1. Within the stretch 25-35, can you find the residues that are within 16 Å of residue 66 (Cα to Cα) and either open to solvent by 70 Å² or more (accessible area, probe 1.4 Å) or in contact with a His (Cβ under 8 Å, 6 or more places away or on another chain) (or both)?
2. Go through the stretch 1-24 and give me each residue that's over 18 Å from residue 57 (Cβ atoms) and open to solvent by less than 90 Å² (accessible area, probe 1.4 Å).
3. Which members of the stretch 36-62 meet the condition of being surrounded by 11 or more Cβ atoms within 10 Å (Cβ to Cβ) and in contact with a strand residue (DSSP E or B) (Cβ under 6 Å, 6 or more places away or on another chain)?
4. Taking the residues in the stretch 35-71 that are modelled with pLDDT of 95 or more and at positive phi as candidates, determine which candidate is farthest from the chain's Cα centre (by Cα).
Amino acid sequence: MAPIPTPPAEPQDSPDGYVGLDAEHAQRLARERGWSPVRALPPGAVITMEYRAGRLNFEVRDGRVARAWKG
């Protein structure tokens with residue numbers, strides 16, 4: 001049986017630090033800090049709930065990050 005793959009390490013960066021930033025700037029900054037992928041979502045977007053290591057999600061309202069979370 002094949003070994004279970006080890007997920008990549010996540011950046012040592014708090015999602016809370018992106019709240020309030022301009023969405024485009026926040027996405028660029030997150031990628032520079034090692035998050036991949038980074039996805040910007042409108043409020044109330046329907047998304048799947050699977051956890052993906054290394055992914056950072058932004059809820060964007062009026063061009064600014066209103067909420068940020070891992071996975």
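1. Listed by number, the list holds a single entry, 25.
2. 2
3. Of everything in the stretch 36-62, those that are surrounded by 11 or more Cβ atoms within 10 Å (Cβ to Cβ) and in contact with a strand residue (DSSP E or B) (Cβ under 6 Å, 6 or more places away or on another chain) turn out to be 38, 39, 40, 41, 56, 57, 58, 59, 60.
4. 62
The values are calculated or read from the model by the stated rules, or taken from the named source; none is laboratory data. Just so it is clear, the model here is predicted, and its values are computed rather than measured. Glycine also receives a Cβ, built like all others from the backbone with ideal geometry; neighbour counts cover every protein chain displayed. Keep in mind that these areas ignore ligands, DNA and RNA; they rest on the heavy atoms of the full protein, side chains included. Shrake-Rupley method; radii C 1.70, N 1.55, O 1.52, S 1.80 Å.
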